[in-house]
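Student: I have a structure here, written as structure tokens, and I will follow up with some questions on it.
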Amino acid sequence: MGTRPAPPGAQHPASLVFEERAANPKLGAMKEKIGFVGVGRMGANMARRLRDCGYRVAAVYDVNGPAAASLAREIGARRATRLSDVTAAADVIFTVVTDDAAQRAVFALDGDSLLVRARGKVFVNCATITPATHVEVARRARRAGAAAIEGCMASSIPQARQGTLYLMCAGDRAAFRRVRPVLEGLSAAPRYVGKAGRAAQVKALVNMVMNANTAALAEGLGLAAALGLDLDMVREVFAQTGAASQVLKTDGEDMQRRSHECYFSAAHAAKDSTIAWVLGCQAGLRLPLAAATKLQFDALVGLGLGGLDKSAVAELTFKGRHG
């Protein structure tokens, strides 16, 4: 696959490319051809947004072939049937996959892979996965003469379409500077947080706190309902006191109305809470709230409700529901 590393102490030829382009990030930025691997609702809306910003989305790939074909027709892209075809068609490739196994698979060391003839390409990996997998993918990309950065997202589907994602980025700094104009089509202020793995750590903390807030809100509203309190009134009081939170704005009414259309699934909440809890264990910390939150979302998945929005955790806390 042509992934022989540079001699010790030598600057990798790909680094020279990244540095040269990063020195003048606006020059030729719109000429960067974009590829997407993983075009579910998040990936598809990111692709649409970049197309609307004037970028050429050259190729899209998804294990769901019909979804990839439909998006390709909509935005004028090629529907790739091989990962290596995405790398061949694009300069900057976004991956928006489900988990560690999927991320490692698209960067496989042999067979069809994004690493085939990847020299000079930049991969922006947006999935919420373990920091260790991001570090490993960055290592594999370097060996192939490419660069990989994390583009961890702390937003949802509407923000992807509107270009208002909050992006936490990490990894090769020169590659980040090179693709920053592209990232700014998706986010007003992409934040660089450090070396490979750091953005994934920060994202894990964001989701740990968010998921704990979601589970706590579900308990508060569930108890309020059991006490016979008016939930509209309770949510208004919460909003004006120390119980206020972003989750209250996004999930409070949905919990009350049992409206769980999926923006961020309970299954993803379970996965992300597990990532954070494991990081805590590795750091030698006890995180009882993170552990309890993980168990709540695991229970929801166990009931077959993992495809619902994370607001569905209220189904475990309101009387007469699944709990």
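Laboratory data are not the source of any read-out in this text; all were calculated from the coordinates shown. No experiment lies behind these values; they were computed from the predicted model shown. In this analysis, Cβ positions are derived from the backbone assuming ideal geometry, glycine residues included, and neighbour counts consider all displayed protein chains.
Student: What aspartates and glutamates could a cross-link reach from residue 31, if we take a straight Cα to Cα line under 12 Å and drop same-chain neighbours fewer than 8 places away?
Tutor: In chain and number order, the partners are 91.
Student: Where both partners of a DSSP beta bridge lie in the range 13-196, what percent of those bridges are antiparallel, to the nearest 5?
Tutor: Numbers: 5 of 27 bridges.
The antiparallel proportion sits near 20 percent.
Student: Okay, next question. With both bridge residues required to lie in the chain, what share of the DSSP beta bridges run antiparallel, to the nearest 5%?
Tutor: Of the beta bridges lying entirely in the chain, close to 20 percent run antiparallel.
Student: For the range 202-316, what number results from the quotient of the Cα radius of gyration and 2.2 N^0.38 Å?
Tutor: The reported ratio for this selection is 1.04.
Student: Under 19 Å Cα-Cα from residue 33, which lysines qualify once same-chain neighbours fewer than 8 residues away are excluded?
Tutor: Correct list for residue 33: 121.
Student: For the range 231-323, what number of Lys pairs, 8 or more residues apart or on separate chains, have alpha-carbon atoms under 16 Å from each other?
Tutor: Details: 249/310; 271/294; 271/310; 294/310.
Close lysine pairs under the 16 Å cut-off: 4.
Student: Of the options 287, 210, 234, report the single residue whose Cα projects farthest towards the positive end of the charge dipole of the range 202-316 (beta-carbon charges: Lys, Arg +1; Asp, Glu -1).
Tutor: So the residue furthest toward the plus end is 287.
Student: Using just the helices of the chain, give the 222 nm mean residue ellipticity in deg cm²/dmol: DSSP H runs with n ≥ 4 each add -39,500 (n - 2.57), and the total is spread over all residues, rounded to 500.
Tutor: Calculated at 222 nm, the ellipticity per residue is -15500 deg cm²/dmol.
Student: Oh, and also: Using the scaling law 2.2 N^0.38 Å as the reference, what is the normalised Cα Rg of the range 13-196? Walk me through the numbers on the way to the answer.
Tutor: Details: Rg = 14.4 Å, N = 184, 2.2 N^0.38 = 16.0 Å.
That ratio works out to 0.91.
Student: Further, regarding this structure: Looking at the chain from every direction and averaging, what is the projected area of its Cα convex hull in nm²? If you can, show how the numbers build up before the last one.
Tutor: On the way: hull surface 70.9 nm².
Convex hull of Cα atoms, orientation-averaged projection: 17.7 nm².
Student: Report D for the range 148-271 in µm² per second (integer): Stokes-Einstein, Kirkwood Rh on Cα pairs, 4 °C, 1.567 mPa s.
Tutor: Stokes-Einstein gives a translational diffusion coefficient of 80 µm²/s.
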